[in-house]
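Enquirer: Quick one: the structure is below, questions incoming.
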Amino acid sequence: MVLPWGVSGLNSSVSENSDLPLITVCMIALNRAWIIDYALRSLLSQDYPRSKLFFILVDGGSRDGTVETTRRLLVDSGLEYRIIVEESNIGEARSICTREMRGDLLVFWDSDVIAPPHALRDLAWATRNLGLDIASAKRVYVALETASEAREYAERLLAEYSAIINSGSASNCNCVVERIHYAGMDLTAIRREVLGEIKFKPMPYAEDADFSLRALVRGYTVAQLSSLTVHDVKALREEYSDPLLHAPLLDFWRHLNTLARLETLRRGYEGRYLRETCSLRDIGKFYLENTKYTTGTLLLVLIVLAVIGLLQGLVLLVVPLVATWTAQLAYYSKGLGLKCGFRKATRQITILTPLTLLVHIHLLVNYHQCKKEKKHKTTQPLKHNSEQSPREQGT
């Protein structure tokens, strides 16, 4: 099957409920009571029949009433649901969703995402009629200062979507499909077949990039519905708006090499080929697009100087690192408070600096490997067959 990348297709049969697949919608949460009720209201406003939906909440051990809020909204909704409370990072939680899903389609819906009422129909139609294996909505990132501002924004969105429902214009899908090399899981549908072959790694971060890149390498189709826009609403001053601040450090350290590999690999995607970032132009573009690694490099230099200073008794060499960390602490504390500001400033040293070192190593290794391959004229790029999925190649 030739996938119509960039071609729009009108879904004329989207209103026929009998043809709609059973969808499992899964949300992952940890202390999200400040926003999850809006995400759930968005889910409940979908024009997808509730008899064709099964909802799972995987809660990592919230203490702010997230579970109670979810249960209150769903208990009389007519939607079949299950709430699982289990201490887990985001990769482990996605595996729980995969294990407990029903039907042939799993939709990950972030607990701070507000979607238009036709979102699930669009995803279901695209996976069934266009043969997409992983289909993701286009995300608009909305960063507001406080939780109250985030809730006000979400309320306005829901009011706009309610007007769409009342106008009766939400049922047709003019789906525009674009190929992507990795899918975030803000609002993303994955076919059971993919989940049966590829598992989520227990990573606290970038598990979505890792999963979708491995699916791409295996020949599965990964695409974005650019015609379907969802809003990812963040509150910068809300402690749990950024889940990375609370993920265990050990989880990061276990997967640092994988994270560094992903950082260099996923930006090397061009056309039908998945290749490593290896040319000087690629490397320069990488650093221009990822200024955090400039910060990480600076911290690495300051750490080396501080270690030399401690070993040689030169206190002045330690001062730049202490001053930089103190400045970061003051900056982050303004928006997050002292507790989270301290955690984020500390993680710049404990996570960003070793990650930056590994990224440098991967970029250098990739560059020298490419030069060697070009010299011997044996370059073999990793081919992505965008025209056939594994299930079609066997027929």
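Enquirer: Residues in the range 97-116 that are part of a loop (DSSP other than H, G, I, E, B) and crowded, with 20+ Cβ neighbours inside 10 Å: how many?
Expert: First, pick out the residues of the range 97-116 that are part of a loop (DSSP other than H, G, I, E, B): 101-104, 110-112, 115-116.
Checking the rest, the ones that are also crowded, with 20+ Cβ neighbours inside 10 Å come to 101, 110-112, 115-116.
Selection size over the range 97-116: 6.
Enquirer: Within the range 144-151, does at least one residue satisfy the condition of being within 19 Å of Pro21 (Cα to Cα), in a helix (DSSP H, G or I) and over 17 Å from the mean Cα position of the chain (by Cα)? Reasoning before the result, please.
Expert: At the first step, the residues of the range 144-151 found to be within 19 Å of Pro21 (Cα to Cα) are none.
Looking for residues that are within 19 Å of Pro21 (Cα to Cα), in a helix (DSSP H, G or I) and over 17 Å from the mean Cα position of the chain (by Cα), one finds none in the range 144-151, hence no.
Enquirer: Given the conditions (1) under 16 Å from the mean Cα position of the chain (by Cα); (2) at pLDDT below 80; (3) surrounded by fewer than 22 Cβ atoms within 10 Å (Cβ to Cβ), which single one is not true for Ser241?
Expert: If we test Ser241 against (1) under 16 Å from the mean Cα position of the chain (by Cα); (2) at pLDDT below 80; (3) surrounded by fewer than 22 Cβ atoms within 10 Å (Cβ to Cβ), just (3) comes out false.
Enquirer: Taking the condition assigned by TED's automatic domain parsing to the domain that holds Asp59, over 19 Å from Ala183 (Cβ atoms) and not in a loop (DSSP other than H, G, I, E, B), does Glu160 pass? Explain how you work it out, then say what you get.
Expert: Numbers: assigned by TED's automatic domain parsing to the domain that holds Asp59: yes; over 19 Å from Ala183 (Cβ atoms): yes; not in a loop (DSSP other than H, G, I, E, B): yes.
It is true that Glu160 is assigned by TED's automatic domain parsing to the domain that holds Asp59, over 19 Å from Ala183 (Cβ atoms) and not in a loop (DSSP other than H, G, I, E, B).
Enquirer: While we're here: Scanning the range 163-183 for residues that are of a type in the set (A, V, I, L, M, F, W, C) and part of a helix (DSSP H, G or I), which turns out modelled with the highest pLDDT? Before the answer, list the steps.
Expert: Residues of the range 163-183 of a type in the set (A, V, I, L, M, F, W, C): 163-165, 170, 173, 175-177, 180, 183.
From what is left, the residues that are part of a helix (DSSP H, G or I) are 163-165.
Values: Ala163: 83, Ile164: 74, Ile165: 71.
Within the range 163-183, the match that is modelled with the highest pLDDT is Ala163.
Enquirer: Answer with yes or no whether Arg94 is more than 26 Å from Ala33 (Cα to Cα), part of a helix (DSSP H, G or I) and not aromatic (Phe, Trp, Tyr).
Expert: Details: more than 26 Å from Ala33 (Cα to Cα): no; part of a helix (DSSP H, G or I): yes; not aromatic (Phe, Trp, Tyr): yes.
Criteria not met by Arg94.
Enquirer: Further question: Could you count how many residues in the range 305-316 are surrounded by 13 or more Cβ atoms within 10 Å (Cβ to Cβ), assigned to a helix (DSSP H, G or I) and among the hydrophobic types (A, V, I, L, M, F, W, C)?
Expert: Filtering the range 305-316 down to residues surrounded by 13 or more Cβ atoms within 10 Å (Cβ to Cβ) leaves 305-307, 309, 314.
With assigned to a helix (DSSP H, G or I) added as a condition, the list becomes 305-307, 309.
With the extra rule that they be among the hydrophobic types (A, V, I, L, M, F, W, C), the set shrinks to 305-307.
Summing the residues that are surrounded by 13 or more Cβ atoms within 10 Å (Cβ to Cβ), assigned to a helix (DSSP H, G or I) and among the hydrophobic types (A, V, I, L, M, F, W, C) in the range 305-316 gives 3.
Enquirer: Follow-up. Go through the residues of the range 280-292 one by one and say whether even a single one is assigned to a helix (DSSP H, G or I), touching a Lys or Arg at 6+ places or on another chain (Cβ under 8 Å) and either in contact (Cβ under 8 Å) with a residue 40 or more places away in the chain or under 16 Å from Leu245 (Cα atoms) (or both).
Expert: The answer is yes, given that some residue of the range 280-292 is assigned to a helix (DSSP H, G or I), touching a Lys or Arg at 6+ places or on another chain (Cβ under 8 Å) and either in contact (Cβ under 8 Å) with a residue 40 or more places away in the chain or under 16 Å from Leu245 (Cα atoms) (or both).
Enquirer: Test of understanding: among Phe200, Phe211, which residue is at pLDDT 85 or above, more than 30 Å from Glu152 (Cα to Cα), aromatic (Phe, Trp, Tyr) and assigned to a loop (DSSP other than H, G, I, E, B)? Steps first, please.
Expert: Details: Phe211 fails: assigned to a loop (DSSP other than H, G, I, E, B).
Being at pLDDT 85 or above, more than 30 Å from Glu152 (Cα to Cα), aromatic (Phe, Trp, Tyr) and assigned to a loop (DSSP other than H, G, I, E, B) holds for just one of Phe200, Phe211, which is Phe200.
Enquirer: Just to be sure I understand the filter: pairs with C-beta atoms under 8 Å, separated by 6 or more residues or on different chains, first member in the range 118-134 and farther than 15 Å from Gln224 by Cβ, second member among the aromatic types (Phe, Trp, Tyr). Which pairs pass?
Expert: Qualifying pairs under 8 Å: Leu120/Tyr48; Arg121/Tyr48; Ala124/Tyr48.
For (1) in contact (Cβ under 8 Å) with a residue 60 or more places away in the chain; (2) surrounded by fewer than 22 Cβ atoms within 10 Å (Cβ to Cβ), each residue gets a yes or a no:
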site: His181; (1), (2): yes, yes
site: Gly184; (1), (2): no, yes
site: Leu187; (1), (2): yes, no
site: Glu197; (1), (2): yes, yes
site: Pro202; (1), (2): yes, yes
site: Ala215; (1), (2): yes, no
site: Arg218; (1), (2): yes, yes
site: Thr221; (1), (2): yes, no
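Enquirer: Let me ask something additional. For the range 37-69, give me each residue that is of a type in the set (Ser, Thr, Tyr) and under 22 Å from the mean Cα position of the chain (by Cα).
Expert: The initial filter retains those residues of the range 37-69 that are of a type in the set (Ser, Thr, Tyr), namely 38, 42, 45, 48, 51, 62, 66, 69.
Listed by number, the residues that qualify are Tyr38, Ser42, Ser62, Thr66.
Enquirer: Regarding the range 338-347, can at least one residue be identified that is β-branched (Val, Ile, Thr) and either in contact with a Pro (Cβ under 7 Å, 6 or more places away or on another chain) or crowded, with 18+ Cβ neighbours inside 10 Å (or both)?
Expert: Residues of the range 338-347 that are β-branched (Val, Ile, Thr), as a first pass: 346.
Retained after the next criterion (residues that are either in contact with a Pro (Cβ under 7 Å, 6 or more places away or on another chain) or crowded, with 18+ Cβ neighbours inside 10 Å (or both)): none.
No, because not a single residue in the range 338-347 is β-branched (Val, Ile, Thr) and either in contact with a Pro (Cβ under 7 Å, 6 or more places away or on another chain) or crowded, with 18+ Cβ neighbours inside 10 Å (or both).
Enquirer: While we're here: Take Leu250 and tell me if it is under 30 Å from Val365 (Cα atoms) and free of Cβ contacts under 8 Å to residues at least 12 places away in the same chain. Can you show your working first?
Expert: Working: under 30 Å from Val365 (Cα atoms): yes; free of Cβ contacts under 8 Å to residues at least 12 places away in the same chain: yes.
Yes.
Enquirer: Something else now. Tell me which of these Ser136 doesn't satisfy, since it passes every other one: (1) surrounded by fewer than 18 Cβ atoms within 10 Å (Cβ to Cβ); (2) of a type in the set (Ser, Thr, Tyr); (3) outside any helix (DSSP H, G or I).
Expert: (1)
The values are calculated or read from the model by the stated rules, or taken from the named source; none is laboratory data. What you see is a predicted model; the values in this text were computed from it and never measured. In this analysis, Cβ positions are derived from the backbone assuming ideal geometry, glycine residues included, and neighbour counts consider all displayed protein chains.
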